[in-house]
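The values are calculated or read from the model by the stated rules, or taken from the named source; none is laboratory data. Fair warning: this is a prediction, and the values are worked out from it, not measured in the lab. Glycine also receives a Cβ, built like all others from the backbone with ideal geometry; neighbour counts cover every protein chain displayed.
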Amino acid sequence: MTQPIAIITGGGTGMGRALAHKLASAGHQVWICGRRSEPLAETAKQYPDNIHTVATDISTEDGRRELMDSLPINCHIDALIHHAATLEPTGYIRDLQLTDWQQAFAINVEAPLFLTQLLLHKMTSGTRVVHFTSALAHSPMPGRACYGATKATLESICRSLNREHGDSGIGFACIKPGIVDTEALREQISKAYQSQAHRIDEFLQETLGKTLLQPEYVVKFVYWLLTGCDHRRFATETWDIRDEQHLHEWQLG
């Protein structure tokens, strides 16, 4: 009998950590990866028998191979969650550097694309693959052109995967989680306010206000998509956490 597992990239912090805890608490065997071993170990500490860590850089071919080689030989993947991403580089298009642009695409596009490709042979009918995307994919913001471009590309890849593998029963979906209070977001704001902690909190509370979501809230939505949403429906759309049409379904779950 094969062992079902879930994989979360960027599982050391924010939504990745919260989702790993949610899945582990429900009895799932979860593999998490990231470039820094310390946050991964902190995530796994609460569920040492269920959460397995791999410190590697999946924006590289060697890193993706290292993750795959860490998986049990007899496993099949129930869920693959592409959470890892970078918000950099920021800045207007006229100021962007080619190397920074290429690095962003390596992390936000090439890593999920080629990790999925590498792991397809471990997926079966019913497997769900989740890509985290953003409203910036279709609603550009000055200074965020690179990030928006990576997410628009990721959405296109997701649609192509569904067209190519729809008959296999593997489902691919994109999720727009909104603005989430994560370490990455705070780092971005910290740069703007030169690490003045009180000003960061003021910005989060006064400027973002009710639009700012906590990772645990978003995870409830993602968990419903992974376990409670009909499989055919799962792969038919880009899921926006703010969409009231499905709000009652996952909030009551």
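Within the range 228-253, how many residues turn out to be among the polar types (S, T, N, Q) and surrounded by 15 or more Cβ atoms within 10 Å (Cβ to Cβ)? Give the derivation first.
The initial filter retains those residues of the range 228-253 that are among the polar types (S, T, N, Q), namely 236, 238, 245, 251.
Still in the list and also surrounded by 15 or more Cβ atoms within 10 Å (Cβ to Cβ): 238.
Adding up the residues that qualify gives 1.
Out of 39, 4, which single residue is in contact with a Lys or Arg (Cβ under 8 Å, 6 or more places away or on another chain) and either without any contact (Cβ under 8 Å) to a residue 40 or more places away in the chain or under 25 Å from residue 216 (Cα atoms) (or both)? Steps first, answer last, please.
Details: 4 fails: in contact with a Lys or Arg (Cβ under 8 Å, 6 or more places away or on another chain).
Exactly one of 39, 4 is in contact with a Lys or Arg (Cβ under 8 Å, 6 or more places away or on another chain) and either without any contact (Cβ under 8 Å) to a residue 40 or more places away in the chain or under 25 Å from residue 216 (Cα atoms) (or both), namely 39.
Can you find, within the range 56-95, the residue that is nearest to residue 2 (Cα to Cα) among those that are hydrophobic (A, V, I, L, M, F, W, C) and loosely packed, with under 13 Cβ neighbours inside 10 Å?
From the range 56-95, those hydrophobic (A, V, I, L, M, F, W, C) are 58, 67-68, 71, 73, 75, 77, 79-81, 84-85, 87, 93; that's our starting set.
Filter again for loosely packed, with under 13 Cβ neighbours inside 10 Å, leaving 73, 93.
Values: 73: 9, 93: 48 Å.
Applying the filter and picking the extreme gives 73.
Which residue out of 175, 200, 189 is among the hydrophobic types (A, V, I, L, M, F, W, C), under 24 Å from residue 138 (Cβ atoms) and either modelled with pLDDT under 60 or exposed (fewer than 15 other Cβ atoms within 10 Å of the Cβ) (or both)?
Working: 175 fails: either modelled with pLDDT under 60 or exposed (fewer than 15 other Cβ atoms within 10 Å of the Cβ) (or both); 200 fails: under 24 Å from residue 138 (Cβ atoms).
On inspection, the qualifying residue turns out to be 189.
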